[in-house]
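The values are calculated or read from the model by the stated rules, or taken from the named source; none is laboratory data. Please read all numbers here as calculations on a predicted model, not as lab measurements. Because the Cβ atoms are built from the backbone with ideal geometry, glycine has one as well, and the counts that use them run over all protein chains shown. The protein model used for the area step is the full one, side chains on, heavy atoms only, and it has no ligands, DNA or RNA in it. Shrake-Rupley method; radii C 1.70, N 1.55, O 1.52, S 1.80 Å.
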Amino acid sequence: METPFISLKNVRKVYRTRDIEFEAISSVSLDISNGELVCLVGPSGCGKSTLLRILAGLHPHDDGDVLIGNSEFPFDPTKDIGMVFQQPLLLKWRRILENVQLPAEILGLPMKAARERAKDLLNMVGLDGFEDKYPYELSGGMQQRAAIARALVHDPKLILMDEPFGALDAMTREKMNLELLDIWQKSQKTIIFVTHGIQEAVFLGTHVAVMSPSPARLADYFEVDLPHPRKLDIKTHENFGVYTRRIYDLLGMD
Amino acid sequence: MSAANWRKITIITLVHIGFVAVWWGSVILMEVPEYILPTPWQALKTLEEENYNWLTHFIATSQEIFGGYIMAVVVGVGFAVMFSWSKVTDEAFMPLLVTLNMIPKVAMAPLFIVWLRFGVDTNIVITFTICFFPILLNTARGMREVEPDLLDLVKSLHGSQWQIFTKIQLPGALPFIFSGMKVATVLAVAGAIVGEFIQSDRGLGWFMLVTQEALNTDAMVMALLLVTLIGVILYGLVILLERIFVVQDARVE
Ligand SMILES: Nc1ncnc2c1ncn2[C@@H]1O[C@H](COP(=O)(O)OP(=O)(O)OP(=O)(O)O)[C@@H](O)[C@H]1O
Ligand SMILES: [Mg+2]
């Protein structure tokens, strides 16, 4: 078997605030192959964002091993991370194109090439013609698409998305789901996608990881055996219901 | 310029003309004596009086206002930046500055005059003291107002503190800096005049006190108009800079 791109072994995370210790993640083990789109679901406060922050190298973990990269896909933790959050967090004072270029600037990449790439990415997310607009001139969904382009501009190997469509209305959200699948297929990136939407998780994921709270650990991890490319009608596929059912059961929501 | 802007400018101009007209009209209609309130024209005519040395006073007060104001912007923004860089200085000095801010700055003016003797330079210091705090406090707030997730994004790429400062913090704080600067314009004008009132030998505020003794109300009103003019010029410049440097939607009032 090939070595996984991401390998977590008994990862534990404790937050320490003065005298209180809080175990945000008690033990998570997980292997993810390159190019997968893994959806992470679980109730609020179960440690999903914490896990993403550990993967992003923002928080140290307390126990266990976090390994990212393998011989075929080496991983450089200083530049191979792209992040998308619930809010687009575009810089208000920058035009869209300049916003998308931000990671390239931070990494000191050649700006001419970055500019071209940013333009291509804006094209890919359907924002051609908006390069010179300011964020306030774009709708929420469009801003989030720009944020996705920004996460891709430095060509990172791993994209971490923390409820990226959580602030969007249902219709925009479905549209963005389709676009994300499209982007994922074109870019061949490994994506970890945190969501509260169980349907969304099954619809998007090649795999779904279900986390349970107290103790915060992985309750289930399974492959979603639904064909790609997926369209909305896949939600009527009989397996789709089986998978969502499985998650609802795990989360005790039947 | 867009039609909306023309509309705005027209309204502003008309309202100002209206104000002067009401002033003028009421003085004439109610037969207000000149020593109580002159007409705009009577006030304007005092500019012809050479003994009044208008230019000297205008320049002195302008120096005080602009000098103190610019100093306050530089030092206020500088301190706020320093605080945002060092948590220790922030924790140590911010509370002190909040307390110092409570001191009625006007009441400091007599002390400054004792320490530094009166003059334009002293009035610059008084002006500085009065308009420094809003700039500092607003800038400090703006520096703190960084989205934590955005910081994470930069940190995940191992961006430097300097990159965070120049690319995120400072441009993000700019609207707050300008909002503090706008508040400070009014205070700067007041500061210079207070300094001149307490002790001075020139400036429009000092000149008002002198002409008051002779009950030359028309000259006093003219001096007041000139002080206001300096204030309006200062405010206008700040607004202009804001338009250049701050994207419309990012401005805070
Ligand atoms: N910096 C921190 N310091 C202390 N405790 C924290 C910190 N960040 C998160 N926590 C705690 O750790 C737990 C997990 O938080 P986390 O943000 O990872 O949850 P989540 O699964 O992302 O929740 P949500 O779905 O609401 O976003 C929560 O109980 C939270 O209060
Ligand atoms: Mg979260």
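Worth a mention:
- When residue A:44 is tested against the conditions (1) open to solvent by 40 Å² or more (accessible area, probe 1.4 Å); (2) under 18 Å from the mean Cα position of the chain (by Cα); (3) within 12 Å of chain B (Cβ to nearest Cβ), the lone failure is (3).
- Count of residues meeting criterion [open to solvent by less than 60 Å² (accessible area, probe 1.4 Å), closer than 20 Å to residue A:83 by Cβ and away from chain B (no Cβ under 11 Å)] in the range A:102-136: 7
- The residue list A:49, A:26 contains one member that is within 15 Å of ligand 1 (Cβ to nearest atom), among the polar types (S, T, N, Q) and under 28 Å from residue B:159 (Cβ atoms), which is A:49.
- The range A:193-224: number of residues that are part of a helix (DSSP H, G or I), away from ligand 1 (no atom under 16 Å from the Cβ) and either of a type in the set (A, V, I, L, M, F, W, C) or under 17 Å from residue A:49 (Cβ atoms) (or both): 3
- Residues that are touching a strand residue (DSSP E or B) at 6+ places or on another chain (Cβ under 7 Å) and touching a residue at least 60 places away in the same chain (Cβ under 8 Å) are absent from the range A:224-237.
- Hits in the range A:67-96 (condition: open to solvent by 30 Å² or more (accessible area, probe 1.4 Å), touching a residue at least 60 places away in the same chain (Cβ under 8 Å) and under 25 Å from residue A:134 (Cα atoms)): A:86, A:87
- Taken together, the residues in the range A:4-23 that are away from ligand 1 (no atom under 14 Å from the Cβ) and open to solvent by 80 Å² or more (accessible area, probe 1.4 Å) amount to 2.
- Evaluating residue B:242 against the criteria (1) touching a residue at least 12 places away in the same chain (Cβ under 8 Å); (2) surrounded by 21 or more Cβ atoms within 10 Å (Cβ to Cβ); (3) part of a helix (DSSP H, G or I) leaves one unmet condition, (2).
- Being within 9 Å of chain A (Cβ to nearest Cβ) and closer than 24 Å to residue B:91 by Cα is a description that applies to residue B:171.
- Failed item in (1) within 13 Å of ligand 1 (Cβ to nearest atom); (2) in the same structural domain as residue A:221 (by TED's automatic domain parsing), with residue A:85 passing the rest: (2)
- Filtered residue count, the range A:11-41, keeping only those that are under 16 Å from residue A:216 (Cα atoms), within 21 Å of the chain's Cα centre (by Cα) and not hydrophobic (A, V, I, L, M, F, W, C): 4
- Within the range A:136-180, being outside any loop (DSSP other than H, G, I, E, B) and touching a Lys or Arg at 6+ places or on another chain (Cβ under 6 Å) holds for one residue alone: A:159.
- Per the conditions (1) without any contact (Cβ under 8 Å) to a residue 24 or more places away in the chain; (2) within 14 Å of chain A (Cβ to nearest Cβ), the sole criterion not satisfied by residue B:212 is (2).
- Looking only at the range A:8-32, and only at residues there that are farther than 14 Å from residue A:61 by Cα and in contact (Cβ under 8 Å) with a residue 40 or more places away in the chain, the one that is farthest from ligand 2 (Cβ to nearest atom): A:32
- Pick from the range A:137-153, criterion open to solvent by less than 20 Å² (accessible area, probe 1.4 Å) and not hydrophobic (A, V, I, L, M, F, W, C), ranking: nearest to the other protein chains (Cβ to nearest Cβ): A:150
- Enumeration of residues in the range A:154-169 that are touching a Pro at 6+ places or on another chain (Cβ under 6 Å) and surrounded by fewer than 21 Cβ atoms within 10 Å (Cβ to Cβ): none
- Residues that are hydrophobic (A, V, I, L, M, F, W, C) and away from ligand 1 (no atom under 16 Å from the Cβ) within the range A:169-192 comprise A:170, A:171, A:176, A:178, A:180, A:181, A:183, A:184, A:191, listed in sequence order.
- In the range A:145-175, of all residues being of a type outside the set (A, V, I, L, M, F, W, C) and within 16 Å of ligand 2 (Cβ to nearest atom), the one that is farthest from residue A:205 (Cα to Cα) corresponds to A:166.
- Failed item, numbered, when residue B:147 is tested on (1) crowded, with 17+ Cβ neighbours inside 10 Å; (2) touching a Leu at 6+ places or on another chain (Cβ under 7 Å): (1)
- Close pairs from the range A:55-66: first within 14 Å of chain B (Cβ to nearest Cβ) and within 13 Å of ligand 1 (Cβ to nearest atom), partner open to solvent by less than 60 Å² (accessible area, probe 1.4 Å) and basic (Lys, Arg), Cβ under 7 Å, at least 6 apart: A:59/A:13; A:59/A:53
- Taking first residues from the range A:155-169 that are more than 11 Å from chain B (Cβ to nearest Cβ) and without any contact (Cβ under 8 Å) to a residue 40 or more places away in the chain and partners that are more than 13 Å from ligand 2 (Cβ to nearest atom) and open to solvent by 30 Å² or more (accessible area, probe 1.4 Å), the Cβ contacts under 7 Å between residues at least 6 apart in sequence or on separate chains come to A:165/A:173; A:168/A:140.
- Residue list for the range B:162-197, filter: over 30 Å from residue B:127 (Cβ atoms) and touching a helix residue (DSSP H, G or I) at 6+ places or on another chain (Cβ under 8 Å): B:163, B:164, B:167, B:168
- The requirement of being more than 30 Å from residue A:157 (Cβ to Cβ), out of contact with any Leu (no Cβ under 9 Å at 6 or more places or on another chain) and modelled with pLDDT under 95 is fulfilled nowhere in the range B:150-164; no residue meets it.
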